[in-house]
Number of protein chains: 2
Amino acid sequence: MTSSIRIVNMPSSSVTIQLPDWLRDRLDVVSAGTYAKQDSQMDLALQIAAENVKRGTGGPFGAAVFNTQNGMLVSVGVNLVTSSGLSITHAEVVAITMAQAALQHYDLADVALPPLRLATSAEPCSMCIGAIHWSGLKSIIASARDEDVREIGFDEGNKPDDWVAQFEKSGIKYVSDVLRDRGRAVLQAYARGGGRIYNAGTSE
Amino acid sequence: MTSSIRIVNMPSSSVTIQLPDWLRDRLDVVSAGTYAKQDSQMDLALQIAAENVKRGTGGPFGAAVFNTQNGMLVSVGVNLVTSSGLSITHAEVVAITMAQAALQHYDLADVALPPLRLATSAEPCSMCIGAIHWSGLKSIIASARDEDVREIGFDEGNKPDDWVAQFEKSGIKYVSDVLRDRGRAVLQAYARGGGRIYNAGTSE
């Protein structure tokens, strides 16, 4: 094939997804065991979700990937849709992508890797359920429920009725309602502050 | 909040998704109307899917976004999972992301934008259905069927039974089986050539 593709305005050939400065600046090196417990893992996801709202860098969502063997952090992500202009930049997608970049492997279930867990400040949407499926992550904990997210207006998309059962069937352990009140509070704070509900087709 | 996040190996704070050189080099500027027809749009998606297999830069999938008002190309994407090490880099996600980067908007349904269509060499998987939902794209055409993709071993994930009906309900026009034989042929060529079936948990 030698033909060229025909366009008028040169399209993009490269896109960078970047953590906001405030989040990058908070990354710091310490000892093992810091994030040994489920609640401390979720606490981090909720902290950065709340900070993301306060800083205005995206939607009210935070996520992080942990090494559950040594209680260490592998990656973080926050929702960046409105600041990046990219609809895929949900907190879970960002955290998964940063984890894969750090570990240099698309398959987080690879036997050479330690057991990993994703903590997310809200239940995954239709896209993120699929992203988790492909990522190889086998342990997920979530704070706010799908209904809490929809309550403030987000259209989470068409999720299979049996998505939790299917997760379990694929060997993905899923725990919901971890510090749910705090997860809900972040969502409510975003809504109260007039945060943009960035459903497709509703932008001004 | 002034505390730092505790990690041991500094995690990634930036990830770049890049089209392969061969694809970037083929991008070229021409006149309107080149991709006016559905078949010519799909032909491009299939060409780059086949080339992606030949070049060994990822899975057997290609996608592109078109301006259906003037028949011009907005973005292209190919599957980059094995070359980028990022499980989200399906052809559709790459094409959507590059389109949003070019148009500088997360909402491709914005009234200020022309009508856009995504052509994909195979039906969207569970993740890409959700990615389409959030992208704002309102017209999708697909070549190979879900069953053709599963036939060569890919685990497309848990798709809602009624995903096509739900697309239509959200105003997304979906047309399947466009040049399906060619879409299937690309998949079969990948399988015959020993291309990696990158399902989670199966990497060597």
Original post:
What list of ³J(HN,Hα) values in whole Hz, one per residue of segment B:172-180 in order, does the Karplus curve 6.51 cos²θ - 1.76 cosθ + 1.60 (θ = phi - 60°) give from phi, with Gly and Pro shown as x?
Top reply: 9, 7, 10, 10, 9, 6, 6, 6, 4
Subject >> Shortest-first distances to equivalent copies, position A:Asp25, nm, label 7 Å out along Cβ >> reply: 4.3
Original post:
In nm, one decimal, shortest first: how far is the label point of A:Asp39 (7 Å from Cα along Cα to beta carbon) from the matching points in the other copies?
Top reply: 6.6
Original post:
What does the convex hull of the alpha-carbon atoms of the protein assembly as shown project to on average, in nm²?
Top reply: 17.7 nm²
Original post:
Which residue, B:Pro115, B:Pro20, B:Pro160, tops the fluctuation ranking in a GNM of chain B built on C-alpha contacts under 10 Å?
Top reply: B:Pro160
Subject >> Greater than 27 Å apart at Cα, pairs in A:Lys37/A:Lys169; A:Lys169/B:Lys138; A:Lys169/B:Lys169 >> reply: A:Lys169/B:Lys138; A:Lys169/B:Lys169
**OP:** Please list the non-local residues whose amide H lies under 5 Å from the amide H of B:Thr68, H modeled 1.01 Å from N, same-chain partners needing a gap of 5 or more.
**Re:** B:Leu116, B:Arg117
Subject >> Student exercise, the protein assembly as shown dipole from Lys, Arg, Asp, Glu Cβ charges, in Debye to nearest 20 >> reply: 560 debye
Original post:
Under a GNM of chain B (C-alpha, springs under 10 Å), which listed residue has the highest mean-square fluctuation: B:Lys37, B:Lys159, B:Lys169?
Top reply: B:Lys169
**OP:** For A:Leu19, enumerate residues with amide H under 5 Å from its amide H, sequence gap 5+ or separate chain, H modeled in the peptide plane.
**Re:** B:Ser14
Original post:
For segment B:33-191, with only Lys/Arg (+1) and Asp/Glu (-1) charged at the beta-carbon, what is the dipole magnitude about the Cα centre, in debye rounded to 20?
Top reply: 360 debye
Original post:
How much net charge surrounds B:Ser83 when only other residues with a Cβ under 12 Å from its Cβ are counted (Lys, Arg +1; Asp, Glu -1)?
Top reply: +1
Subject >> Rounded to whole Hz, the Karplus (6.51, -1.76, 1.60) HN-Hα couplings of segment A:57-72, x for glycine and proline >> reply: 9, x, x, x, 9, x, 8, 8, 10, 10, 8, 7, 7, 10, x, 9
Original post:
In sequence order, what are the phi-derived ³J(HN,Hα) couplings for segment B:139-152 according to the Karplus relation 6.51 cos²θ - 1.76 cosθ + 1.60 with θ = phi - 60°, rounded to whole Hz, with x for glycine and proline?
Top reply: 9, 10, 10, 10, 9, 4, 8, 3, 5, 5, 6, 5, 4, 8
**OP:** Please name which of A:Ser84, A:Asn70, A:Trp163 has its Cα lying farthest along the dipole of segment A:62-204 towards the positive end, using unit charges on Cβ (Lys, Arg +1; Asp, Glu -1) and the Cα centre as origin.
**Re:** A:Asn70
**OP:** Over chain B, calculate the relative contact order: mean separation of alpha carbon pairs under 8 Å at least 6 apart, over the residue count, as a percent.
**Re:** 18 percent
Original post:
Shape of segment B:33-191 from its Cα gyration tensor (a ≥ b ≥ c, root eigenvalues): rounded if a/c is under 1.5, otherwise prolate when a/b > b/c, or oblate?
Top reply: rounded
**OP:** Give me the number: length gained by fully extending B:Gln188 to B:Thr202, i.e. 0.36 nm times residue separation minus the C-alpha to C-alpha distance, one decimal in nm.
**Re:** 3.1 nm
Subject >> For residues of B:91-100, the mean tally of beta carbons on other chains within 10 Å >> reply: 4
Original post:
Given label points at 7 Å from Cα along Cα→Cβ, what nm distances, shortest first, separate A:Val111 from the same residue in every other copy?
Top reply: 5.8
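Here, each number is a calculation from the coordinates, and none is a lab measurement. Fair warning: this is a prediction, and the values are worked out from it, not measured in the lab. Note: ideal-geometry Cβ built from the backbone for every residue, glycine included; neighbour counts use all protein chains shown.
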